[in-house]
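Colleague: Below is one structure. I have some questions about it.
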Amino acid sequence: MKLWKVTTLACAAALMTASAALAAELDPLSPRVPPADMAAAKADKNPTPVTPDSIEKGKELFTELGCNGCHGDNGTGDGPASAGLEPSPRNFTNPKWQAERTDGELKYTDFKGSSGPDFKSPTAMIANEAMYDDPNDVWDVINYIRSLKK
């Protein structure tokens, strides 16, 4: 292989690695629920007990609904569709993020999507409410997400 091809491949690999590193979570501790909706979101309590069955159902829905496409099979934000997303998808294993967000906030973001911490810059997190056959299933998905905390 000619030297220019090796150099080009090495540069491309370095750029892809740097891009992945730069596409970090944007302000993971900043709320994604607009201030006007925050009180209602925080008041929305998860009525589904955290049980192995609920977590397993949530994991199945996480995959069926395609959440793992961006968030990854393990919830670390490294799914196959996450490449090039800026900001990167949420890392659900982040214990600081887990402690900061309520279940009601997670439901709000899942149902309404996320426009980022400034509430003006869209992220790739789309509104998913219509994807649920039973809107109460979101609580099982949230119980699964909570189980991912490291």
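The values are calculated or read from the model by the stated rules, or taken from the named source; none is laboratory data. Source: prediction; values computed, not measured. Please note: Cβ atoms are built from the backbone with ideal geometry, for glycine as well, and neighbour counts cover all protein chains shown.
Colleague: Answer with yes or no whether Lys149 is in a loop (DSSP other than H, G, I, E, B) and modelled with pLDDT of 90 or more.
Modeller: yes
Colleague: Another one. Which pairs do you get when a residue that is under 19 Å from Leu61 (Cβ atoms), found in region 72-85, comes within reach of a residue that is basic (Lys, Arg) and buried (at least 16 other Cβ atoms within 10 Å of the Cβ), reach meaning Cβ atoms under 7 angstrom, with the pair 6+ apart or on two chains?
Modeller: Listed pairs, sorted by first residue: Gly77/Arg90.
Colleague: Just need a number here: residues in region 104-115 that are of a type in the set (S, T, N, Q) and either in contact with a strand residue (DSSP E or B) (Cβ under 7 Å, 6 or more places away or on another chain) or part of a helix (DSSP H, G or I) (or both). Give the steps one after another, and end with the answer.
Modeller: Step one: filter region 104-115 for residues of a type in the set (S, T, N, Q), giving 109, 114-115.
Next, from what is left, pick out any that are either in contact with a strand residue (DSSP E or B) (Cβ under 7 Å, 6 or more places away or on another chain) or part of a helix (DSSP H, G or I) (or both): 109.
Number satisfying all stated conditions: 1.
Colleague: Hydrophobic (A, V, I, L, M, F, W, C), closer than 15 Å to Arg90 by Cα and in a helix (DSSP H, G or I): which single residue out of Ile142, Ile126 fits that description?
Modeller: Of the residues listed, the single one that is hydrophobic (A, V, I, L, M, F, W, C), closer than 15 Å to Arg90 by Cα and in a helix (DSSP H, G or I) is Ile142.
Colleague: While we're on this one: Looking at the structure I just gave you, is Lys149 over 12 Å from the mean Cα position of the chain (by Cα), surrounded by fewer than 16 Cβ atoms within 10 Å (Cβ to Cβ) and either closer than 20 Å to Ser54 by Cα or small (Gly, Ala, Ser) (or both)?
Modeller: yes
Colleague: With Asp78, Asp118 as the choices, which residue is assigned to a loop (DSSP other than H, G, I, E, B) and within 23 Å of Pro35 (Cα to Cα)?
Modeller: When all the criteria are applied, what remains is Asp118.
Colleague: Moving on. Could you check region 121-140 and list, in sequence order, the residues that are of a type outside the set (Asp, Glu) and over 23 Å from Ala39 (Cβ atoms)?
Modeller: Looking only at region 121-140, we keep the residues that are of a type outside the set (Asp, Glu), and these are 121-128, 130-132, 135-136, 138-139.
Listed by number, the residues that qualify are Ser121, Pro122, Ala124, Ile126, Ala130, Met131, Tyr132.
Colleague: Here's another thing I want to ask about it. Among what's in region 81-126 and is among the aromatic types (Phe, Trp, Tyr) and over 10 Å from the mean Cα position of the chain (by Cα), pick the residue that is surrounded by the most Cβ atoms within 10 Å (Cβ to Cβ).
Modeller: First, the residues of region 81-126 that are among the aromatic types (Phe, Trp, Tyr): 92, 97, 108, 111, 119.
Those left that are additionally over 10 Å from the mean Cα position of the chain (by Cα): 97, 108, 111, 119.
Numbers: Trp97: 16, Tyr108: 24, Phe111: 16, Phe119: 15.
The selected residue is Tyr108.
Colleague: Same structure, new question: What pairs come out if I take residues in region 92-112 that are in contact (Cβ under 8 Å) with a residue 40 or more places away in the chain and pair them with residues that are of a type in the set (Phe, Trp, Tyr) whose C-beta lies under 8 Å away, six or more apart or interchain?
Modeller: Close Cβ pairs satisfying both conditions: Gln98/Phe92; Asp103/Trp139; Lys107/Trp139.
Colleague: Shifting gears a bit: Could you tell me which numbered condition Pro49 fails, if it satisfies all but one of (1) in contact (Cβ under 8 Å) with a residue 12 or more places away in the chain; (2) more than 13 Å from the chain's Cα centre (by Cα)?
Modeller: (1)
Colleague: Further question on the same structure: Restricting to region 42-51, name every residue that is of a type outside the set (S, T, N, Q) and either exposed (fewer than 11 other Cβ atoms within 10 Å of the Cβ) or under 14 Å from Val138 (Cα atoms) (or both).
Modeller: Ala43, Asp44, Lys45, Pro47, Pro49, Val50
Colleague: Kindly indicate whether any position in region 101-115 is among the aliphatic types (A, V, I, L, M) and out of contact with any helix residue (DSSP H, G or I) (no Cβ under 6 Å at 6 or more places or on another chain).
Modeller: no
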